[in-house]
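The values are calculated or read from the model by the stated rules, or taken from the named source; none is laboratory data. No experiment lies behind these values; they were computed from the predicted model shown. Here the Cβ positions follow ideal geometry from the backbone for every residue, glycine too, while neighbour counts run over all protein chains shown. When the accessible area is computed, the model is the full protein with side chains, heavy atoms only, and any ligands, DNA or RNA have been set aside. Shrake-Rupley method; radii C 1.70, N 1.55, O 1.52, S 1.80 Å.
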Amino acid sequence: MESNFKLSLSDLSFSSTPELKVMNFLNEVAGEFPAAISFASGRPLEAFFDVSKWFDQIELFANHISSKSGLDPQVVTKQLGQYGRTKGIINDLVSESLRLDEKVTVTGDDIVITNGAQEAMVLILSGLFVKGVDVLLVTDPTYIGITGLASVFGIDIVVIESDDEGPRLDCLQSKCKHIYEAGKVAKALYVIPDFNNPMGHSMSLARREALLSVADGLSLMLIEDNPYGLFRFENTALPTLKSLDSKGIVIYIGTFSKTICPGLRVGYIATELWLDDDNEKRRLSDELTKIKSLISVNTGQVAQAIVGGVLLEHNCSVKHLIAPNIIRYKKNRDLLLHYLEEEFISSGRFKTGEVSWNIPEGGFFIVIKLPISFNESETYECAQDYNVICMPLNFFSVNKQYDRYIRLSYSYIDEEEIAVGIRSLADFISKKLLAS
């Protein structure tokens with residue numbers, strides 16, 4: 001008997017969200033061409049995953065908790081298999097890590113442990129933004145994880161133009177004025193100040209300091225996402241916005257996905273903001289924890305114990321942990337720059353200035369400006385005919401103004417594949433250029 005119930009794509013609240021198509025599209029390309037050399041993924045290199053030591057690190061963390069609580073270590077270990085504290089069980093260790101590595105001073109009570117940085121974004125957007133009223137400000141291009149979520153939640157997005165130093169403050173002030181005049185609220189600006197995804201750019205110190213001042217004057221929160229900041233190859237590290245923030249307006253998103261292992265899915269929110277109430281003051285972190293209890297109940301305690309054990313093993317300094325990673329990623333970046341120079345400049349196949357790229361001082365990404373359009377169809381063609389997968393920058397753009405740019409990731413690729421991959425990419429660009 002045929003049912004009267006029918007469900008169509010238009011019935012899904014998120015069906016028109018373009019970022020969902022992008023993520024699925026890239027997975028499809030990678031799956032369809034598994035032998036292709038991929039510069040698309042911004043993943044850490046698996047050679048640095050120390051999975052074999054995880055049981056030891058769980059034991060280390062259990063002993064740490066035992067010494068603090070007086071409970072038998074075996075009891076603590078068994079409890080790790082249970083549901084746990086929604087706010088997290090490694091908060092104090094994360095607080096100490098932030099103090100040592102980022103000079104960020106927050107307490108364990110100011111931290112919410114999340115299922116990766118992505119859940120942190122879900123909590124912030126669902127907890128702080130009122131649909132139809134509050135506006136999320138972003139630079140363009142930016143990480144599609146935040147813009148995609150905003151679209152799913154029905155949150156308005158407004159782009160703030162950038163220059164070489166970071167978000168343009170004149171544009172920020174102008175856009176906020178227009179938002180308020182339209183009867184809405186500019187709630188927060190999302191930024192990745194260090195080696196951002198996708199551009200690989202970093203915000204200057206002067207712009208960081210000025211942005212904090214302007215944001216305070218506008219009563220605007222700043223959402224600082226920092227997955228790549230510790231992967232600096234050269235020059236002096238710049239302070240995070242959070243470490244410069246004296247007013248408590250920065251909500252900091254951190255993750256151990258790039259530094260320890262993405263499979264553990266452990267991230268966090270750090271905010272010392274208090275909510276004003278007629279009767280009492282409440283921590284923002286506590287209110288976000290209430291939302292988390294409905295979304296994921298808690299972050300897996302075993303995964304947290306592994307992260308906690310790693311932090312204890314390295315005296316809570318992630319910088320110490322990732323020192324070998326930085327050496328490898330810098331080598332990959334330098335090799336990539338070398339072969340870009342060799343294939344696009346020294347070879348004589350391209351005119352001077354026809355192909356150009358930035359030189360990031362750290363992180364995972366380089367962006368290349370091309371003399372041709374490179375979008376979805378070119379991604380498939382390049383993968384199918386030239387065995388190379390690249391990421392079109394337009395996939396990250398709210399305004400879709402970057403159709404002649406691609407992002408290359410050098411983090412998750414073998415050294416010997418870089419030369420072959422760049423040579424094949426140059427062949428593809430040359431062929432398309434001749435045909436245009």
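Could you check region 188-221 and list, in sequence order, the residues that are small (G, A, S) and more than 15 Å from S162 (Cα to Cα)? Within region 188-221, A188, S213, A215, G217, S219 qualify. Among the residues of region 215-222, are any surrounded by fewer than 23 Cβ atoms within 10 Å (Cβ to Cβ), free of Cβ contacts under 8 Å to residues at least 60 places away in the same chain and under 21 Å from the mean Cα position of the chain (by Cα)? No, because not a single residue in region 215-222 is surrounded by fewer than 23 Cβ atoms within 10 Å (Cβ to Cβ), free of Cβ contacts under 8 Å to residues at least 60 places away in the same chain and under 21 Å from the mean Cα position of the chain (by Cα). For I406, state whether it is closer than 17 Å to F428 by Cα, of a type in the set (V, I, T) and either in contact with a Cys (Cβ under 6 Å, 6 or more places away or on another chain) or open to solvent by 30 Å² or more (accessible area, probe 1.4 Å) (or both). Judged against the criteria, I406 is a match. Within region 266-286, take every residue that is assigned to a helix (DSSP H, G or I) and under 23 Å from the mean Cα position of the chain (by Cα) and give me the one that is nearest to Y83 (Cα to Cα). The selected residue is S285.
Please go through region 157-202 and give me each residue that is free of Cβ contacts under 8 Å to residues at least 60 places away in the same chain, aliphatic (A, V, I, L, M) and open to solvent by less than 10 Å² (accessible area, probe 1.4 Å), ordered by number. Walk me through it before giving the result.
To start, the set of residues in region 157-202 that are free of Cβ contacts under 8 Å to residues at least 60 places away in the same chain comprises 158, 160-187, 189-193.
Next, from what is left, pick out any that are aliphatic (A, V, I, L, M): 158, 160, 169, 172, 179, 182, 185-186, 189, 191-192.
I160, L172, A186, L189, V191 - these are the residues of region 157-202 that are free of Cβ contacts under 8 Å to residues at least 60 places away in the same chain, aliphatic (A, V, I, L, M) and open to solvent by less than 10 Å² (accessible area, probe 1.4 Å).
Within this structure, V133 fails the test of being touching a residue at least 40 places away in the same chain (Cβ under 8 Å), within 20 Å of N399 (Cβ to Cβ) and open to solvent by 40 Å² or more (accessible area, probe 1.4 Å).
Each residue in region 237-255 was checked for being assigned to a loop (DSSP other than H, G, I, E, B), more than 15 Å from the chain's Cα centre (by Cα) and not basic (K, R), and 7 pass.
Scan E209, E234 and give me the residue that is more than 18 Å from G254 (Cα to Cα) and either outside any helix (DSSP H, G or I) or among the aromatic types (F, W, Y) (or both). Even if it seems obvious, please write down each step before you answer.
Working: E209 fails: either outside any helix (DSSP H, G or I) or among the aromatic types (F, W, Y) (or both).
Only one candidate qualifies: E234.
For region 378-395, residues that are modelled with pLDDT of 95 or more and surrounded by fewer than 19 Cβ atoms within 10 Å (Cβ to Cβ) total 4. Whether a residue is aromatic (F, W, Y) and either more than 26 Å from R328 (Cα to Cα) or out of contact with any strand residue (DSSP E or B) (no Cβ under 8 Å at 6 or more places or on another chain) (or both) was assessed, and F195 does not pass this test.
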